[in-house]
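A.B. asks: I have a structure I would like to understand better, so I am pasting it below and will then ask my questions one at a time.
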Number of protein chains: 2
Amino acid sequence: MKVPIVANILKANDSIAQQNHEALRAKKIFAVNIMSSPGAGKTTLIERTINTLKGELKIGVIEGDIQSTHDSEIIAKTGAQVVQINTGGACHLDANMVSKAIEQLDLSSIDILLIENVGNLVCPSNFWLGEDKKVVLTSVPEGDDKPLKYPSIFLVSDAVIINKIDLLPYMTYDIDKVRQECLRIKPEIKIFQLSSKTGERFDEWIEWLKELRKEKLQG
Amino acid sequence: MKVPIVANILKANDSIAQQNHEALRAKKIFAVNIMSSPGAGKTTLIERTINTLKGELKIGVIEGDIQSTHDSEIIAKTGAQVVQINTGGACHLDANMVSKAIEQLDLSSIDILLIENVGNLVCPSNFWLGEDKKVVLTSVPEGDDKPLKYPSIFLVSDAVIINKIDLLPYMTYDIDKVRQECLRIKPEIKIFQLSSKTGERFDEWIEWLKELRKEKLQG
């Protein structure tokens, strides 16, 4: 009896996700679901993305956490629109939560919506929220075995960001091994290696975001 | 209808966990459930614990992962008995999985059983596996906001290990804030700050393990 229940939940989720997707498309908003382990640097990535694009593109943010408003307070300081979702225990966002959050945003003044999922390398894989693209972060101090050990989340992602490359000098981390393992799991995955803290190679990520948003507007 | 189902699952789990607990007690084995985010350093902690106690206490290890035998291969090199559990997607170990793993171990030659849970800061909190103590690792590069954002796993833990303190010089991390937040969540929690990589302050963790094992044998 267990598998059908899970299947029904996912079906119900996808139906709401489709509604979210259409609501965002109607407003010409490009949406990205950002997933990672706790502490891989999702919030810092979003913060620098907002600041880099300031004056050019308006970013809206949905912050997903088990509890607390810690991350949304950081984002609010940038001046971007932000809504916090507290899942109250759940280890991932779902489309219904995001639907409620979208209602709180002024969509007419958003070009790109960044959705920060709950810090978890397992649970978020199965749940489409209505986004256009999924991005998974993996950070250097987590170790170079993460794609091997948690392949599902890499498989569903359109891009992987290897974050915190400023820490490479202080640890053993085989970045080529990580790249190869990601490509083995999903040959078409886009791979970035950058530091959200120092800004090193951050421009490649920004260009990708801008390019995909343009494609969506033209498509 | 959802909450009762979850409650039944937890009740069934706890009943098997109790059997595991009794099987381990009969063999005078002290068991620890080690939980953390992916990449916080559980495997390195276990590896150094085995090597530090070599010749004094025999360690058995159960390795929990979504898939792969990556971690059990590392542990096997130490010469310790190790069994790998692949959860096939599940974001935590449960008592039934551990029960099956225990059957694969020669319990008569184990003094301490270390159970490495799936890398996840949310899901493992609710599942007792039959262990005597729960330990949560949080590593410096994950950032100093983890107890604030994931309090449940700290609340259920007997000890917290702040790992990778060798990286403190390279990042902003307020260790006093982390300690205070842990104590706010659970005043009686034991806090270690150490580096499993360099061995700095590792002796305090080893002494705690030995002391609690002795207490169990006497109790």
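The values are calculated or read from the model by the stated rules, or taken from the named source; none is laboratory data. From a predicted model like this one, the values you see are computed outputs, not experimental measurements. So basically every Cβ, Gly included, is an ideal-geometry build from the backbone, and we count neighbours across all protein chains shown. All accessible areas refer to the heavy atoms of the entire protein, side chains included, with ligands and DNA or RNA removed. Shrake-Rupley method; radii C 1.70, N 1.55, O 1.52, S 1.80 Å.
A.B. asks: For segment B:53-86, give me each residue that is touching a Leu at 6+ places or on another chain (Cβ under 7 Å) and within 14 Å of another protein chain (Cβ to nearest Cβ).
C.D. replies: B:Gly64, B:Ser68, B:His70, B:Ile85
A.B. asks: Also, I was wondering about something else. Name the one entry in A:Lys197, A:Lys177 that is more than 10 Å from every other protein chain (Cβ to nearest Cβ), open to solvent by 20 Å² or more (accessible area, probe 1.4 Å) and on the phi < 0 side of the Ramachandran plot. Talk me through it step by step, then tell me what you get.
C.D. replies: On the way: A:Lys197 fails: more than 10 Å from every other protein chain (Cβ to nearest Cβ).
Just a single option satisfies the conditions, and that option is A:Lys177.
A.B. asks: Separate question: Could you check B:Ser108 against (1) open to solvent by 60 Å² or more (accessible area, probe 1.4 Å); (2) part of a strand (DSSP E or B) and say which number it fails?
C.D. replies: (2)
A.B. asks: Filter segment A:90-125 for residues that are in contact (Cβ under 8 Å) with a residue 40 or more places away in the chain and among the small types (Gly, Ala, Ser) and give the result.
C.D. replies: Scanning segment A:90-125 gives A:Ala95, A:Ser99, A:Ser108, A:Ser109, A:Gly119, A:Ser125.
A.B. asks: Among (1) touching a strand residue (DSSP E or B) at 6+ places or on another chain (Cβ under 6 Å); (2) away from chain A (no Cβ under 13 Å), there is one condition B:Glu103 misses while meeting the rest; what is its number?
C.D. replies: Exception for B:Glu103: condition (1).
A.B. asks: Of all residues in segment A:152-190 being acidic (Asp, Glu) and over 17 Å from A:Arg201 (Cβ atoms), which is farthest from the chain's Cα centre (by Cα)? Spell out the reasoning first.
C.D. replies: At the first step, the residues of segment A:152-190 found to be acidic (Asp, Glu) are A:158, A:166, A:174, A:176, A:181, A:188.
The next check asks that each one be over 17 Å from A:Arg201 (Cβ atoms); those that pass are A:158, A:174, A:181, A:188.
Numbers: A:Asp158: 10, A:Asp174: 24, A:Glu181: 20, A:Glu188: 18 Å.
Step by step, filter segment A:152-190, then rank; the result is A:Asp174.
A.B. asks: Okay, moving on. Identify, please: which residue in segment B:122-145 is at the interface with chain A (Cβ under 10 Å from one of its Cβ atoms) and part of a helix (DSSP H, G or I) and is, among those, surrounded by the most Cβ atoms within 10 Å (Cβ to Cβ)? Talk me through it step by step, then tell me what you get.
C.D. replies: Taking segment B:122-145 first, the residues at the interface with chain A (Cβ under 10 Å from one of its Cβ atoms) are B:122-123, B:125-126, B:138-145.
Checking which are part of a helix (DSSP H, G or I) leaves us with B:123, B:125-126, B:140-142.
Numbers: B:Cys123: 21, B:Ser125: 22, B:Asn126: 17, B:Val140: 24, B:Pro141: 25, B:Glu142: 27.
Of everything passing the filter in segment B:122-145, B:Glu142 is surrounded by the most Cβ atoms within 10 Å (Cβ to Cβ).
A.B. asks: Filter segment A:146-169 for residues that are surrounded by fewer than 23 Cβ atoms within 10 Å (Cβ to Cβ) and facing chain B (nearest Cβ under 10 Å); which is farthest from B:Asp166 (Cα to Cα)?
C.D. replies: Step by step, filter segment A:146-169, then rank; the result is A:Ser152.
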